[in-house]
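Student: Below is one structure. I have some questions about it.
The values are calculated or read from the model by the stated rules, or taken from the named source; none is laboratory data. Quick caveat, the model's predicted, so the values are computed rather than measured. Neighbour counts run over all protein chains shown; Cβ positions are idealised from the backbone, glycine included. For accessibility, only protein heavy atoms count, side chains too; no ligands or nucleic acids. Shrake-Rupley method; radii C 1.70, N 1.55, O 1.52, S 1.80 Å.
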Amino acid sequence: RYEPTWGSLDARPLPAWFDEAKFGVFIHWGVFSVPSFGSEWFWWYWQKEKREPYVKFMDANYPPGFSYEDFGPLFTAEFFDPNQWADILKASGAKYVVLTSKHHEGFTLWGSKYSWNWNAVDVGPKRDLVAELATSVRNRTDLHFGLYHSLFEWFHPLFLEDATNAFNTSKFPTSKSLPELYEIVTKYQPEIIWSDGDGNAPDTYWNSTGFLAWLYNDSPVRDTVVTNDRWGAGSICAHGGFYTCSDRYNPGRLLPHKWENCMTIDRGSWGYRRDARLRDYLPIEDLVKQLAETVSCGGNLLMNIGPTHDGRIAVVFEERLRQVGSWLEVNGEAIYGTKPWRAQNDTVTPGVWYTFTPKEGKVNAIFLNWPVSGILELGEPRAKPGETQVKLAGYRELLKWVALGEKGMVIALPQLTPQQMPCQWGWTLQLTNVD
């Protein structure tokens with residue numbers, strides 16, 4: 001049994017499925033999807049920081065005295081079709097999904113008895129959005145279902161009171177935050193608890209270790225659940241299951257601890273925003289690059305989309321997810337279930353990232369640029385004449401290659417028209433019998 005101490009909790013082995021999965025989809029959805037302007041931090045930027053664009057937006061479009069709470073009934077979700085969402089998630093090639101059950105605004109996407117009249121069953125959709133998505137994902141896909149949960153809430157009076165008392169009182173976690181966590185675990189049995197938003201309070205205030213000890217010892221998901229590292233000030237990148245370290249974290253080197261790169265397709269926001277321009281959305285080439293870099297360095301990629309207030313996944317997000325899925329159909333062997341190789345990227349040719357498939361003893365070289373010459377030079381692999389074989393994923397015939405002394409090799413790529421290419425935006429060479 002695990003003790004409620006970081007020493008004991010951090011010693012828990014991470015369930016193997018998470019490292020094998022490599023790729024997940026993050027979904028930021030909530031009342032912030034109604035103004036869908038600027039950022040999912042809309043309420044904070046408008047009311048607390050009084051940032052000019054947000055104040056102007058409200059003055060121009062809403063009557064005087066309109067409050068953030070008034071957005072609640074406008075969060076309608078009339079087009080939310082959980083089966084359609086599940087099918088898009090499946091087509092993306094993702095192996096897990098993380099939905100925001102509650103963001104810093106405090107609105108819960110399930111009918112929480114600890115969030116009276118500020119939840120999706122009482123207000124707005126009048127539906128249990130968490131339950132509906134969980135059911136569809138479990139019925140239609142093999143994805144692991146996870147939930148994001150914000151510990152703190154910007155404007156909750158009990159949290160503000162505790163903060164005024166320098167967190168020497170703990171009215172908010174005992175009456176709101178912790179009961180919600182126990183509620184979502186018991187009710188929905190998520191296999192990921194993605195905690196966030198410590199409000200600058202220490203983990204002792206949140207009683208994070210107490211909750212995690214219960215989660216790992218006695219909860220219905222004790223054997224399969226994975227957690228992240230956002231459990232109180234000072235715990236990020238130091239405690240918990242996998243490390244996130246910061247948003248859009250991509251160190252570009254191998255780390256000793258399992259980590260995740262959580263990032264957004266929209267460079268400027270996690271929630272949906274109507275003011276986004278096409279250039280704000282990362283192109284598929286960048287997403288494939290992020291995936292290859294992250295996995296080669298031992299991380300998982302959690303790629304975020306923001307649905308609309310009426311429950312649609314915008315077509316630009318759907319297109320990106322389906323593009324990643326089509327790429328993974330060809331190159332998935334270089335991603336899923338792989339381990340980092342002795343070198344993460346190539347020393348001679350930039351834009352080449354390595355992974356290792358232990359079952360077949362295969363080194364995968366994912367290259368992001370197809371050389372004009374049709375010749376690809378790799379500085380890292382040590383080839384064995386007569387033994388080493390080189391294959392292009394999605395192409396049938398073996399490729400010709402020449403060793404370069406002790407280390408390195410030159411590979412002749414097939415001459416293909418764009419229509420004959422096995423995929424776009426990055427390709428995988430599968431090397432067998434190399435050191």
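Student: Taking a probe of 1.4 Å, how large is the accessible area per residue of the stretch 339-432, in Å²?
Tutor: Ligands and nucleic acids excluded, the figure is 53 Å² per residue.
Student: Could you calculate the FRET efficiency of residue 52 with residue 189 from 1/(1 + (r/R0)^6), where r is the beta carbon distance between them and R0 is 35 Å, rounded to 0.05?
Tutor: My answer for the efficiency is 0.20.
Student: Give me the percent of the accessible area of the stretch 6-334 that comes from carbon and sulfur atoms, probe 1.4 Å, all protein chains in place.
Tutor: 51 percent
Student: May I pose another question? May I have the convex hull volume per residue, in Å³, for the Cα set of the stretch 339-432?
Tutor: 100 Å³
Student: Express in whole angstrom the spacing between the alpha-carbon centres of the stretch 75-102 and the stretch 357-404.
Tutor: Taking the Cα centre of the stretch 357-404 as reference, the centre of the stretch 75-102 is 37 Å away.
Student: Checking a compactness column here: for the chain, what do you get for Rg(Cα) / (2.2 N^0.38 Å), N being the number of residues?
Tutor: Ratio of Cα Rg to 2.2 N^0.38 Å: 1.06.
Student: How much length is gained if the chain between residue 285 and residue 182 is pulled fully straight, taking 0.36 nm per residue apart and subtracting their Cα-Cα distance, in nm to one decimal?
Tutor: Full extension of this stretch gives 33.1 nm more.
Student: I've got another one for you. So what is the 222 nm mean residue ellipticity for the chain from helices alone, if each DSSP H run of at least 4 adds -39500 (n - 2.57) and you divide by all residues, rounding to the nearest 500 deg cm²/dmol?
Tutor: For the chain, the value works out to -7000 deg cm²/dmol.
Student: Give the calculated FRET efficiency between residue 339 and residue 131 to the nearest 0.05, with a Förster radius of 45 Å applied to their Cβ-Cβ distance.
Tutor: 0.80
Student: Can you work out the FRET efficiency for the pair residue 397 and residue 255, with r the C-beta to C-beta distance and R0 = 41 Å, to the nearest 0.05?
Tutor: With a Förster radius of 41 Å, E is 0.65.
Student: Along the Cα→Cβ direction, 7 angstrom out, place labels at residue 217 and residue 387. What is the inter-label distance in nm?
Tutor: Result: 5.1 nm between the two label points.
Student: Student exercise: in the stretch 339-432, how many lysine pairs 8 or more apart or on different chains have Cα atoms under 18 Å apart?
Tutor: Taking the Cα cut-off of 18 Å, the pair count is 10.
Student: Using 0.36 nm per residue, how much length does the chain from residue 168 to residue 17 gain when fully extended, once their Cα-Cα distance is taken away?
Tutor: 50.5 nm
Student: Note down the accessible area of residue 95, probe 1.4 Å, to the nearest 10 Å².
Tutor: Result for residue 95: roughly 60 Å² accessible.
Student: Looking at the chain, send over the antiparallel percent of its DSSP beta bridges, to the nearest 5.
Tutor: Percent antiparallel among DSSP bridges in the chain is about 50.
Student: Are there cysteines in the chain with no other Cys C-beta under 4.7 Å, and if so, which?
Tutor: By the Cβ distance rule, which asks for a partner under 4.7 Å, the isolated cysteines are 262, 297, 423.
Student: Would you kindly state how much longer the chain becomes between residue 359 and residue 246 on full extension, computed as 0.36 nm times their sequence separation minus their alpha carbon distance, in nm to one decimal?
Tutor: Additional length available on full extension: 37.4 nm.
Student: Quick one: pull the percent of accessible area on the stretch 383-435 belonging to carbon and sulfur, 1.4 Å probe, ligands and nucleic acids left out.
Tutor: 48 percent
Student: Just tell me which lysines come within less than 23 Å, Cα to Cα, of residue 171; anything on the same chain fewer than 8 places away is out.
Tutor: By straight Cα distance, residue 171 reaches 48, 102, 113.
Student: Send over a whole-number figure in Å² for the accessible area per residue of the stretch 6-334, probe 1.4 Å.
Tutor: Spelled out: the 1.4 Å probe surface of the stretch 6-334, per residue, equals 37 Å².
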